[in-house]
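Take a look at the structure set out below.
Quick note: the coordinates plus some simple rules give every number you see, no bench work behind them. Model, not experiment: these values are computed from the prediction. Backbone-built Cβ (ideal geometry, glycine too); neighbour counts: all protein chains shown.
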Amino acid sequence: MARDAVEAVPRPSAPLELAPRLTAFGRRHRTALTIAGSVVATALLVVALAGRRDEFITALSSASVWVLAVTTLLQVVALVARSEAWHLTIEAAGGAVSRRVLYRASSMQVLGSVLNGHLGVAARIAALRRSSPEVCPQVPTLIAAELPILTVEAMLAAAASFTLVAPLGLPWWLPLIGLAIVALVSAGLRQLARRKSRELWRGLAVLRSLNGGGRVVGLVLVAVFAQIFRNWILLRAVGVDASIFDATAVLIAVVTLGQLPVGPTVGAAAAVLILGRDGVAAAAAGGLLLTVTGTLGGLGFAAWAGADHVWSRLRRRRMPSSRSGIEA
């Protein structure tokens with residue numbers, strides 16, 4: 001009888017058992033997977049560019065120094081705008097972290113994202129908790145504070161996903177389904193934001209007020225349009241006859257492929273995927289410059305954060321000595 005009762009208990013299906021194992025495997029071997037993915041993606045790009053070396057080099061050299069400087073600056077603008085949006089969500093959640101400290105923590109995402117986007121978010125949250133544990137919300141709240149920003153970005157991506165229909169041959173109704181799903185998720189988050197019983201939902205507090213939510217949307221729009229404009233400038237500079245819609249499609253492809261362990265090749269892979277039909281060499285060159293200028297902008301932001309951290313520490317060390325001199 002007992003044996004029959006045990007056998008009557010439903011066992012989890014094979015896919016349900018496999019998913020946690022794959023997730024755990026990915027966490028344990030994240031660096032190895034990223035390296036392997038980067039090697040594979042690079043090899044595919046090399047194959048695609050076979051016999052087009054001269055075209056590729058010509059396209060790369062077509063971008064002037066001022067174009068590279070402007071697009072690097074636009075990357076910095078996007079990072080600053082997104083960091084300010086993060087500051088708003090944390091402030092609404094009860095955090096009292098100063099803007100400069102939060103910006104310094106935000107710069108850690110730049111370094112972590114070189115390997116993986118998820119690793120960059122984890123590095124940013126860990127840096128903020130380590131720098132300001134007394135006035136910083138708990139980790140669950142910090143994780144939830146990302147959701148309003150991600151939801152706005154997902155809504156914009158879903159609204160602009162029609163730009164992927166022609167390049168990828170997708171059905172016209174697929175963007176409508178994506179937009180409906182994101183709208184449902186957004187409505188669900190607004191309902192959860194009204195709950196105050198758990199630390200996790202405190203991170204959604206910015207959604208409780210129309211003013212706070214509107215400011216987050218505005219800052220995310222600044223970050224997204226800076227990225228789109230950056231894509232458009234670089235693609236046109238290397239000889240690709242790209243429109244704003246093409247630049248938007250490349251941005252969506254970069255973000256989507258960035259979830260995979262493909263490393264620094266994501267820009268070139270996304271550009272070839274969307275615009276390769278108009279010339280693989282020029283598209284790959286534009287994608288490579290997207291990665292280069294994005295990395296330069298991120299490193300510039302991180303360099304400012306490091307210099308500001310050193311300057312703040314030196315100032316704190318001088319303050320006691322100056323006070324003792326006044327007392328003397």
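What to note about this one:
- Efficiency of FRET between residue 42 and residue 134 - r from beta-carbon atoms, R0 41 angstrom, step 0.05: 0.35
- For region 164-171, 3J(HN,Hα) computed residue by residue from phi via the Karplus equation (6.51, -1.76, 1.60; θ = phi - 60°) reads 8, 4, 5, x, 9, x, 7, x Hz, glycine and proline entered as x.
- Less than 5 angstrom separates the built amide H of residue 63 from none of the residues sequence-distant by 5 or more or on a different chain.
- Packing-based ranking, highest mean first, of 125-134, 267-276 given that Cβ atoms within 10 Å are counted: 267-276, 125-134
- Extension gain for residue 308 to residue 99 (0.36 nm times residue separation, less C-alpha to C-alpha distance): 74.0 nm.
- Order by protection proxy (mean Cβ within 10 Å, highest first), peptides 150-157, 306-313, 54-61: 150-157, 54-61, 306-313
- Gyration tensor verdict on region 153-238 (Cα atoms; rounded if a/c is under 1.5, prolate if a/b is larger than b/c, oblate otherwise): oblate
- Theoretical FRET efficiency, 1/(1+(r/R0)^6), r = Cβ-Cβ of residue 194 and residue 173, R0 35 Å, to 0.05: 0.60
- With the convex hull drawn around the C-alpha atoms of region 51-303, the volume per residue stands at 117 Å³.
- From phi via Karplus (6.51, -1.76, 1.60), per-residue ³J(HN,Hα) for region 237-248 in Hz, x at Gly/Pro: 5, 8, x, 8, 7, 9, 9, 4, 5, 5, 4, 5
- Where labels lie 7 Å past Cα in the beta-carbon direction, separation of residue 66 and residue 260 in nm: 3.8 nm
- Positive-end extreme of charge dipole, region 77-199 - chosen from 156, 92, 181 (charges on Cβ): 92
- Per-residue ³J(HN,Hα) for region 302-317, Karplus 6.51 cos²θ - 1.76 cosθ + 1.60, θ = phi - 60°, Hz, x for Gly and Pro: 5, 5, 4, 4, x, 5, 5, 5, 5, 5, 5, 5, 5, 5, 5, 5
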